[in-house]
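The values are calculated or read from the model by the stated rules, or taken from the named source; none is laboratory data. As the structure is a computational prediction, the values presented were derived from the model and not from experiment. Every residue, glycine as well, gets a Cβ built from its backbone with ideal geometry; the counts of neighbours run over all protein chains shown. The accessibility values were calculated without ligands, DNA or RNA, using every heavy atom of the protein model including side chains. Shrake-Rupley method; radii C 1.70, N 1.55, O 1.52, S 1.80 Å.
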Amino acid sequence: MRITAVTCVKNEGPFLLEWIAFHRLIGVTDFLFYSNDCTDGTDRLLDNLAALGIVRHLPNPAEGRNYQMEALKDARRHSVVLDADWVWIADVDEFLNIHVGDHTIPALIDACGDPQAISVNFQFFANDDVELFEDRPVIEQFTRSHNPDLWCGEAAIEVKSLVRQDFPLKYYGAHRPFFRAKLPPRKRPSWTDASGRAVPHRFLVAANPRRIRRFPAAGARDHATLNHYALRSLDSYLVKNDRGDVNRENRDFDDTYWRERNDPAWQDTSISRYLPALRPQIEALKDLDGIGGLHAECVRLHRAKCAELSARAEYVAMRDQLRAAPKLPPQEEAMLRALGIAP
């Protein structure tokens, strides 16, 4: 089975090898990376991985600010996507945690009955007071999250999607595919959640634009969960804030974004099942010609940026603000206040 992962990156150099090694473990056979405006060695590392046949690396084709959607539009014309049996669109801070069979994507597909798409709910992992960047697996360092069925007091949680080659595709979205307009109901794709159940009808037909990328997570994650490490260490979060978002230029991640994802109420170490195989996979990539040195350079530049930002007054203030921020998400805090309960 040929499975292609498509992703967009900017200044993610220290985290690339873990993400590639992990996805190779779960069955991804091909990678298509788009990068833009990198200053931490991300593009050089990807160029060398591409030269070794590990990934395909292209400059992001976006002429405006919509980097991810322009890249996904471009991806459809490349053989690495056209020839794939399945396409997985995800970010480098997202890890598909598969609970069934041999914990690979083919096992997930089989458990879900081989539909034309599978949408997997997010689980957002908290910073949990980790201050310093460490060059070791992210999935090992961060183990606490919100209640997986509820996030910020909402039952509907965002998803990312696996898409089979014969999906009647109109276009790829970052979270879900969209099928062709005016498709008769009998021609609509078979599409499940990560428990193998048909996705909700309103999600399937994108009936409500504000909810087209999410549905309730309760009961939807029997076979897989999407672990999202959006915060990582406080050091790395400040660097993320400095670089902006892959979707839009100059979008700040304020403390609302941090607080929404820094709920440590739940501990989940299930993804640690991959660590014994992941560590040697990472080392095997580092042993390839030039890759270890380029990874080390990305780590050095990331740490240098951490130090630079820590010396700037606005980032010192941001660090202090995030350290002091309540662990309770702002939406839940507001709900408690409305009920007359002090959070």
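Miscellaneous remarks
- Within the accessible area of region 129-176, the carbon and sulfur atoms contribute 45%, probe 1.4 Å, all protein chains present.
- Zone of N66's modelled label, taken as backbone nitrogen in region 142-185 under 18 Å from a point 7 Å along Cα→Cβ: 170-181
- Near-label residues of region 189-219 by backbone N, under 15 Å of a point 7 Å along Cα→Cβ of Q331: 210-218
- Charge dipole (debye, nearest 20) of region 1-132; +1 at Cβ of Lys and Arg, -1 at Cβ of Asp and Glu: 520
- Potential lengthening of the chain between L183 and D110 amounts to 23.7 nm, from the contour at 0.36 nm per residue minus the alpha-carbon distance.
- Rolling a 1.4 Å probe across the protein heavy atoms gives region 211-312 an accessible surface of 43 Å² per residue.
- The alpha carbon centroids of region 5-64 and region 111-155 are separated by 21 Å.
- Gyration tensor verdict on region 79-217 (Cα atoms; rounded if a/c is under 1.5, prolate if a/b is larger than b/c, oblate otherwise): prolate
- Inter-label distance, nm, simple model (7 Å from Cα along the C-beta direction), A51/E154: 4.4
- GNM on the chain, alpha-carbon springs under 10 angstrom: the most fluctuating residue among G64, G196, G244 is G64.
- Gained length - S79 relative to Q141, 0.36 nm times residue gap less alpha-carbon distance: 18.7 nm
- Flagged links, alpha-carbon separation over 30 Å, of K286/K327; K160/K327; K73/K327; K170/K327; K10/K187; K10/K182: K286/K327; K73/K327; K170/K327; K10/K187; K10/K182
- Taking the DSSP beta bridges with both ends in the chain, the antiparallel portion is around 55 percent.
- For K305, the aspartates and glutamates whose Cα comes closer than 13 Å to its Cα, not counting residues fewer than 8 places off in the same chain, are E12, D40, D235, D242, E297.
- Residues K286 and A307, FRET efficiency given R0 of 25 Å [Cβ-Cβ distance, rounded to 0.05]: 0.55
- Here the spin labels are modelled as points 7 Å beyond Cα on the Cα-Cβ line, and at E297 and H201 they lie 5.7 nm apart.
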